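Read the structure below first, then the notes.
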Amino acid sequence: MSKSSGCLEWDEGAKQLLSATCRNCPEPHFQRRAPRLPHIGCCAYEPVFTLFEIYRMIEAGQTDFFLNQVYRHPDNTVCEYEIIVGARIDSLFYEKQAGEDEAPAERYHRLLQSPRTIYQATDERLAYAVCQFFEDGRGCGLDPRFKTGICRSFICTSIEDQLSVAERKQLADWQRVIREEGEPFHRREQANLEKRGWTLLDHVESIILYFTELAQVKKADLHR
Ligand code: SF4
Ligand code: SF4
């Protein structure tokens, strides 16, 4: 079931916000640096899967997807309790353009050297990045149940500026629903895993088994 509010659409099943405005992204911050780069809006991004999204994959019986396309993907970074999904970086990032002193990659490394310009370095790299789940002509190719809270809730200022006061309030309510679903789960389960001394780095099989049992208990409770 979906509901609309102004140019926003709320997908109740996947608990995600969508907007037709995204088909022709007007947001200045996400315009591409070169004509040959695809127009992907804010999917120039590296989502971070928390324990909530990982649990959702296992609960949905998609453990192979989690292991092979998320956990073992060579571009992803596995941390103790989350996984950073590495973006595909266009080759233009490494090429010095006519009239420029340095390639974007060199600029990126220079900006990384100072704490005052680190955020500019991130922008420089993401200007040439495409989320690995983005599909040309289709948009997000990831099962919406596994999308991160940020991917399901992010709405830029170009869209917010089009909303009435009532629509902004509705937006804030939907964003709260998304936060309240995933964040407490992640905090609670991180604490549970810490008590057991488990991390995604060293105990992924045990965590998969634990989440499988958690999903079975949840299913049994629903049928009671
Ligand atoms: S949310 Fe905003 S920045 Fe992202 S694709 Fe839509 S219009 Fe562009
Ligand atoms: S997971 Fe989907 S919505 Fe999120 S950045 Fe990637 S392509 Fe975009």
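The values are calculated or read from the model by the stated rules, or taken from the named source; none is laboratory data. The structure presented is a predicted model; accordingly, all values stated were derived computationally and were not measured. We place every Cβ from the backbone using ideal geometry, glycine too, and count neighbours over all the protein chains shown.
Is it the case that segment 76-88 has a residue that's out of contact with any strand residue (DSSP E or B) (no Cβ under 9 Å at 6 or more places or on another chain) and either free of Cβ contacts under 8 Å to residues at least 60 places away in the same chain or β-branched (Val, Ile, Thr) (or both)? No, there is no match, as no residue in segment 76-88 is out of contact with any strand residue (DSSP E or B) (no Cβ under 9 Å at 6 or more places or on another chain) and either free of Cβ contacts under 8 Å to residues at least 60 places away in the same chain or β-branched (Val, Ile, Thr) (or both). Scanning segment 13-35 for any residue that is farther than 18 Å from residue 141 by Cα, free of Cβ contacts under 8 Å to residues at least 12 places away in the same chain, over 17 Å from the mean Cα position of the chain (by Cα) and outside any helix (DSSP H, G or I) turns up at least one such residue. Of all residues in segment 157-176, those that are more than 18 Å from residue 31 (Cβ to Cβ) and modelled with pLDDT of 95 or more have Cβ atoms under 7 Å from Cβ atoms of residues that are assigned to a helix (DSSP H, G or I) and within 16 Å of ligand 2 (Cβ to nearest atom), 6 or more apart or on another chain, in 175/153.
Scanning segment 130-150 for residues that are out of contact with any strand residue (DSSP E or B) (no Cβ under 7 Å at 6 or more places or on another chain) and either under 18 Å from residue 24 (Cα atoms) or buried (at least 17 other Cβ atoms within 10 Å of the Cβ) (or both) returns 131, 135, 136, 137, 138, 139, 142, 146, 149.
Of all residues in segment 38-80, which are aliphatic (A, V, I, L, M), closer than 26 Å to residue 187 by Cβ and in a loop (DSSP other than H, G, I, E, B)? Across segment 38-80, the qualifying residue is only 60.
So, residue 23, is that one among the basic types (Lys, Arg) and exposed (fewer than 12 other Cβ atoms within 10 Å of the Cβ) or not? Yes: the conditions hold for residue 23.
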